[in-house]
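Colleague: Before I ask anything, let me first share the structure, which is written out below as C-alpha cells.
Values in this text are rule-based calculations from the coordinates and carry no lab data. Model, not experiment: these values are computed from the prediction. Neighbour counts are summed over all protein chains in view; Cβ atoms, including those assigned to glycine, are modelled from backbone coordinates with ideal geometry.
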Amino acid sequence: MVQFGLDVLGEQMQFSISAEQEQMKLADIVPWARTVCDSVTARAVHIRRRNGGHIACKKGCSSCCCYLVPLSVPEAFRLRREVGAMPASEGQRAEQSCLLAARRILESPIPDLFTGESLQEFLPSNEEIDTVSEWYRSLELYCPFLDGGICSIYGQRPLCCREYFIDGSAAACKGESEDAAKVEVPVRMSEVLARLVAELQGRNVEAIMMPLALIWADENQVRDHKTWSTLKIAERFVELLEEMVEDSFVAVVS
Ligand code: SF4
Ligand code: SF4
C-alpha cells in the first residue's frame, strides 16, 4: 500500500492506493487514477460552488456526451476488460454500439493533421486538439455508452468525463449560449496516466478516441498483457502527481 497526501486547493487530502499482486498490468492503474480524480474534482467543484459558481452538470444532462473523449492507454485496456465482464446481452450491445460509432469515425473525412498518422493513436498540440474536437463535434456522434440520456458506465466512465464540469448554463454545451466556463482541476489524471505509460513503454504520449478503444485494445493485446512491479509503478504514479499537480502539493510516501 502506498499512502500520500495532496494539498489540493487549500485542503490536505489523504490517499492510499493498493494492489494485491506484486506485478500489475497497465489496466490495473486505472482505479487509482479514478480515486484521485474523483476526490480532486469534487474539491475543485466544491470551491467553485463556495465562490458563487453554478454547476449545471446533473444526471440526464448529456449534451457533452457528443464531445471527443480521449482515453489514456490504461483506460482503453480497462474499458476492454470491463465491457468483457458485462452480462452477455449488455456487453454485446456495447460492442455493437462501439463498432457502429467507430465505423462513422473511420468513414468520415478527417482533418489534415491526421495525414500519415494513425487515427487511433494521435498526439496533437493544443491547437490541433481544438481542430480535432471541432471535427469530432461536427460528426454529431453521441458516445456509444450513452443510453437514453444516461451514462451506462457511470462508475467506470473515463477520467475526462469524471473531471468535466461546467460553471454556468448547460445551454452552452449545446452551443446555444456562451454563459459557461469549464471548472479547472488541479491535475488531469488522464495526462498523468498518459505520461506514466509513455515512460514505461518508451513511447510518445498516446490518446485513443473512446469509440475506437475496444478495437484498439484488441489490436494491442500484447501491450495489455505486459506486467510491471506494482511498487515501482505506484511510486512513479505519486511522483508524477507531484510534478503535475498545480497549486501546492505535498507527497508523503510510506
Ligand atoms: S458539461 Fe454541460 S452537458 Fe455535460 S453534464 Fe455538464 S452542463 Fe450538462
Ligand atoms: S462515458 Fe458516459 S459520461 Fe462519458 S461521454 Fe460516454 S456516456 Fe457520456
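Colleague: Sorting GLU20, GLU239 on the 10 Å Cβ count, fewest up front, what's the list?
Modeller: GLU20, GLU239
Colleague: What size of dipole, in debye to the nearest 20, comes out for region 124-195 about its Cα centre when the only charges are +1 on Lys and Arg C-beta atoms and -1 on Asp and Glu C-beta atoms?
Modeller: Dipole size: approximately 400 debye.
Colleague: Then there's this: Which cross-chain or sequence-distant (5 or more) residues have an amide H under 5 Å from the amide H of ASP147, H modelled 1.01 Å from N in plane?
Modeller: Placed amide hydrogens put SER152 under 5 Å from ASP147.
Colleague: Relative to the present Cα-Cα distance, how much length would full extension add between GLU242 and LEU99 at 0.36 nm per residue of separation?
Modeller: Gain on stretching GLU242 to LEU99: 47.7 nm.
Colleague: Using the crude model of +1 on Lys and Arg Cβ and -1 on Asp and Glu Cβ, and no other charge, please compute the dipole size for the chain relative to its Cα centre, in debye to 20.
Modeller: Charge dipole of the chain: 760 debye, to the nearest 20.
Colleague: Out of PRO70, ILE129, VAL222, whose Cα points farthest toward the positive end of the dipole of region 53-226 (charges: +1 Lys, Arg; -1 Asp, Glu; placed on Cβ)?
Modeller: VAL222
Colleague: Under the 0.36 nm per residue contour assumption, what length would be gained going from the current alpha-carbon distance of LYS59 and ASP179 to full extension?
Modeller: 41.2 nm
Colleague: Still on this structure, I have one more. What ranking of PHE15, PHE165, PHE4 emerges when the number of other C-beta atoms within 10 Å of each C-beta is taken as an exposure proxy, fewest first?
Modeller: PHE15, PHE165, PHE4
Colleague: Using the beta-carbon distance between TRP228 and MET13 and R0 = 35 Å, what value does 1/(1 + (r/R0)^6) give for FRET efficiency, to the nearest 0.05?
Modeller: 0.85
Colleague: Same structure again: Could you name the lysines whose alpha carbon sits less than 28 Å from that of LYS232, not counting residues in the same chain fewer than 8 places away?
Modeller: Cross-link targets: LYS25.
Colleague: Got the relative contact order for region 53-226 handy, in percent, Cα pairs under 8 Å and 6 or more residues apart?
Modeller: Over region 53-226, the number comes to 44 percent.
Colleague: I'd like the Karplus ³J(HN,Hα) series for region 58-75: coefficients 6.51, -1.76, 1.60, θ = phi - 60°, whole numbers in Hz, and an x wherever there's a Gly or Pro.
Modeller: With the stated coefficients, region 58-75 comes to 7, 4, x, 8, 9, 4, 6, 7, 10, 7, 5, 10, x, 9, 6, 4, x, 5 Hz.
Colleague: Could you pull out the longest piece of the chain with no exposed loop trypsin sites (Lys or Arg not before Pro) in it, calling a site exposed if DSSP puts it outside H, G, I, E, B and it has at most 15 other Cβ atoms within 10 Å?
Modeller: 60-202
Colleague: Tell me which of CYS160, ASN204, ILE110 sits at the most positive position along the dipole axis of the chain, charges placed on C-beta atoms (Lys, Arg +1; Asp, Glu -1).
Modeller: Checking the options against the dipole of the chain, the answer is CYS160.
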